[in-house]
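Nothing in this text is a laboratory measurement; each read-out follows from the coordinates by a stated rule. Here the structure is a predicted model, which is why all the values come from computation and not from measurement. Cβ coordinates were reconstructed from backbone atoms using ideal geometry, including for glycine residues, and neighbour counts include every protein chain displayed.
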Amino acid sequence: MGLTVLNAGVVIGLLDAGDVHHAAAVASVRAARDRGDALVLPASAYAECLVAPHRRGADAVAVVDRFLDALPARVEPVDRAIAATAAALRATHGAALRLPDGLVIATAIVLGADRILTTDAGWPAVAIPVEVLPTG
C-alpha cells in the first residue's frame, strides 16, 4: 500500500469524459487503486477542482464531493509544514514552478507519497516520482 497525490487536472479529467486527459486519468487512478494506494487531493488542488462547478451551482459542487468520497480521495489541508515546503520549492525553482503546483508537490513530500499524478508536463524534477498523464 502506498500513497498517490492527485493534482487538480487529474480529478478534472476523471470527472469530464470529454477532457483530453480523461482516459489516462481513469487508467492511472485505477492502477493506483489496484496497487492499494491511498489517494490524496491537496486542499489547494481541491479548490481548483471546484472553480467551474461553483459557476454552475451547488448541485455541481455536490457532484464533485460525492465523487471524491466514492473514489475515495482524502482532501489534505495545507498546514505549516506543507506551506513552508512549498515556499522552499518555489524559492528554489522560481517562475518554473507556480505556487499551486508547489503546494501539490509539497503535500506529496511532507506526506511521504510514493507518486504524484498530474496533467502538467512542465514541472521541475523533484524527489518523488511524478507521473504526467498524456493527452488523448
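For the stretch 96-136, what does the alpha-carbon gyration tensor say about shape, rounded, prolate or oblate, given a ≥ b ≥ c as the root eigenvalues, a/c under 1.5 as rounded, and a/b over b/c as prolate? The shape class here is oblate. With respect to the chain, whose longest principal axis is taken over its alpha-carbon atoms, helix 22-34 is tilted by about 70°. Kirkwood-type hydrodynamic radius, the chain: 14.9 Å, calculated from all non-identical alpha-carbon pairs. Taking each residue as 0.36 nm, the span from residue 63 to residue 27 lengthens on full extension beyond its C-alpha to C-alpha distance by 10.9 nm. What the phi angles of the stretch 45-62 give under the Karplus curve with 6.51, -1.76 and 1.60, with θ = phi - 60°, is a coupling list of 6, 4, 4, 4, 5, 8, 4, 5, x, 5, 5, 8, x, 4, 5, 5, 5, 4 Hz, glycine and proline written as x.
Placing unit charges on the Cβ atoms of the charged side chains and taking the dipole of the chain about its Cα centre, the candidate lying farthest along the positive direction among 63, 7, 106 is 106.
Think of the stretch 27-99 as a dipole: +1 on every Lys or Arg Cβ, -1 on every Asp or Glu Cβ, centred on the Cα centre; then among 31, 92, 46, 92 lies furthest on the positive end.
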